[in-house]
Amino acid sequence: MIHCFTVNGRHLVLDIASGALHEVDEVAFAAISAMQDNPNHIAKSQEVMAEIHRLIDAGQLFSPSRENEAHAHMKNRKPVVKALCLHMAHECNLRCRYCFAGQGDYGSDRGLMSLDTGKKALDFLISQSGPRRNLEVDFFGGEPMLNFDTVKALVAYGRTREKETGKCFRFTLTTNGSLLTEDDHAYINSNFDNVVLSLDGRPQVNDSMRKIGKSGSYDTVYPRIKALADSRNHENYYVRGTYTRENLDFAADVLHLADAGFTQVSIEPVVAPPDMDYSLRKEDLPALYAEYEKLADALLARKKEGHPVNFFHFIMDLSGGPCLAKRVTGCGAGSEYLAVTPSGKLFPCHQFVGDDRFCIGDLDTGVTGTQVVADFVGCHVYTKPACRDCWARYYCSGGCMANAYYANGDISLPDEIGCDLQRKRIECALYMKTVD
């Protein structure tokens, strides 16, 4: 299986099974495209046909699929928990219009995680991690810095448990940045492998959605997160924003963040009920496709000028890629990755928190929702009908199961608009590889 596409005038061909990427001229592009429907098609140019067959013989074009072998592997796998999202606070000092977390409380259960609950969570992760040595913990919210003393105590507890068990914790902090002070920098930089900082881009865009009380948050947040990024030498962090129907020209927001001094940026499409006025719609796709292409060229130009910016969705490794399980299951929600609420309830991921249909147990009783877990373990690109023939399946890993559920009521039916945008991002990322 191959995928033929054009970005900013460049004709590209991706061989799905091998991952080989080719830039070709119009004649070869037409010939290869025709051969996808008719393997016996012969181009008028003998030279073109000779090169096509050379690539076929080298296993870099129309290479055979290993689907059956890979699917068998997925049937037999027994995943263990390797990561937790700890909801340190079901409370937030911002009131963001698009917040999936109900502006901090996830619809109920407002409160802070206690130190005792947090310790139980780390012990649970250790006990459920099997032979895995490297474990991940994201301190999340709401706003986790509302409970930062407990976060610090849990980091210290985790370091103690590392020595006792031989495990190794990788800690991440996800914060809106409004409570950061210079006094926090040394601690955060010493203890957190990654920091996710929230800002949506241009002040007017950010302040339309992200408010402190009734006022915009940009002027409060920007200097604080910039100071932290500077203190980390602009490594091991992301400024993470969201774009909506109100800023379809989101490339300007990425470039604003770059101009503001950030080098690690992620701007994501909003996930919201379709009846919200800021939700993305099918008719927005052509404008969004053009915006991604514009952004790709803008970032290439900056790299050429010596000012590179890493845009999260354009980062792609074609040299080998992640392991097979990662390529077909993504984050591993519900099996390898779980969320823990302040009261100790367990959910497949942070986006399912608050919906008790997806509660799979708690820290005292352990995992009791075995059918829910089985549903998530069995949900991967080989079991999702929409993914089986999609050229992008090994790059998107089947998409986000929470987005799928809230779009279609089924974790195995990917969100159509989300898929369309993901495919375009992948095309742009591949295109950038040919220009590097």
request  = Please go through the range 147-163 and pick out each residue that is of a type outside the set (D, E, K, R), within 13 Å of N191 (Cα to Cα) and open to solvent by 30 Å² or more (accessible area, probe 1.4 Å).
outcome  = A153, A156, Y157
task = Just give me the residues in the range 358-387 being among the hydroxyl-bearing types (S, T, Y) and surrounded by fewer than 18 Cβ atoms within 10 Å (Cβ to Cβ), in sequence order.
result = T365, T368, T370, T383
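For the range 335-356, enumerate the residues that are touching a strand residue (DSSP E or B) at 6+ places or on another chain (Cβ under 6 Å), at negative phi and not aromatic (F, W, Y). Talk me through it step by step, then tell me what you get.
First, the residues of the range 335-356 that are touching a strand residue (DSSP E or B) at 6+ places or on another chain (Cβ under 6 Å): 337-342, 344-350, 353.
From what is left, the residues that are at negative phi are 337-342, 345-350, 353.
Listed by number, the residues that qualify are L338, A339, V340, T341, P342, K345, L346, P348, C349, H350, V353.
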key: Among (1) open to solvent by 20 Å² or more (accessible area, probe 1.4 Å); (2) without any contact (Cβ under 8 Å) to a residue 60 or more places away in the chain; (3) touching a Lys or Arg at 6+ places or on another chain (Cβ under 9 Å); (4) over 26 Å from A298 (Cα atoms), the one test that A252 misses   = (4)
query = Looking only at the range 35-62, which residues are open to solvent by 30 Å² or more (accessible area, probe 1.4 Å) and either β-branched (V, I, T) or in a helix (DSSP H, G or I) (or both)?
reply = Q36, D37, I42, Q46, E47, A50, E51, H53, R54, I56, D57
remark   = Selection from the range 205-258 of residues polar (S, T, N, Q) and over 29 Å from R425 (Cα atoms) yields S215, T220, S231
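A quick yes/no check of all residues on (1) small (G, A, S); (2) without any contact (Cβ under 8 Å) to a residue 60 or more places away in the chain; (3) more than 23 Å from S279 (Cβ to Cβ):
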residue	(1), (2), (3)
G366	yes, no, yes
T370	no, yes, yes
P385	no, yes, yes
G409	yes, yes, no
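Could you check the range 128-156 and list, in sequence order, the residues that are in a helix (DSSP H, G or I) and not β-branched (V, I, T)? Give the derivation first.
Looking only at the range 128-156, we keep the residues that are in a helix (DSSP H, G or I), and these are 128, 144-156.
Scanning the range 128-156 gives Q128, P144, M145, L146, N147, F148, D149, K152, A153, L154, A156.
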note = Those residues of the range 363-398 which are modelled with pLDDT of 90 or more and either among the hydroxyl-bearing types (S, T, Y) or in a strand (DSSP E or B) (or both) amount to T365, G366, V367, T368, T370
ask   = Just wondering, is there one or more residues in the range 372-383 that are of a type outside the set (A, V, I, L, M), free of Cβ contacts under 8 Å to residues at least 40 places away in the same chain and under 24 Å from I267 (Cβ atoms)?
value = no
ask   = Could you say whether any residue in the range 19-34 is without any contact (Cβ under 8 Å) to a residue 60 or more places away in the chain, among the polar types (S, T, N, Q), part of a helix (DSSP H, G or I) and out of contact with any Pro (no Cβ under 8 Å at 6 or more places or on another chain)?
value = yes
query = With (1) surrounded by 20 or more Cβ atoms within 10 Å (Cβ to Cβ); (2) part of a loop (DSSP other than H, G, I, E, B) as the list, and E235 as the residue in question, which single condition is left unmet?
reply = (1)
query = Among (1) open to solvent by 20 Å² or more (accessible area, probe 1.4 Å); (2) of a type in the set (A, V, I, L, M); (3) in a helix (DSSP H, G or I), which single condition is V271 missing?
reply = (3)
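Rundown of residues vs (1) open to solvent by less than 20 Å² (accessible area, probe 1.4 Å); (2) within 22 Å of L86 (Cα to Cα); (3) not aromatic (F, W, Y), yes/no style:
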residue: F171; (1), (2), (3): yes, yes, no
residue: G177; (1), (2), (3): yes, yes, yes
residue: E182; (1), (2), (3): no, no, yes
residue: H185; (1), (2), (3): no, yes, yes
residue: D193; (1), (2), (3): no, yes, yes
residue: M209; (1), (2), (3): yes, no, yes
ask   = Counting just the residues of the range 400-436 that are touching an Asp or Glu at 6+ places or on another chain (Cβ under 7 Å) and small (G, A, S), which one comes out least open to solvent (accessible area, probe 1.4 Å)?
value = A404
inquiry  = Return the residues of the range 317-334 that are modelled with pLDDT of 70 or more and at positive phi; say none if nothing qualifies.
reply    = G330, G332, G334
query = Among (1) over 18 Å from the mean Cα position of the chain (by Cα); (2) farther than 30 Å from V7 by Cα; (3) crowded, with 18+ Cβ neighbours inside 10 Å, where does C349 come up short?
reply = (1)
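The values are calculated or read from the model by the stated rules, or taken from the named source; none is laboratory data. Treat the numbers as computed from the prediction; the structure is a model and nothing was measured. Backbone-built Cβ (ideal geometry, glycine too); neighbour counts: all protein chains shown. Keep in mind that these areas ignore ligands, DNA and RNA; they rest on the heavy atoms of the full protein, side chains included. Shrake-Rupley method; radii C 1.70, N 1.55, O 1.52, S 1.80 Å.
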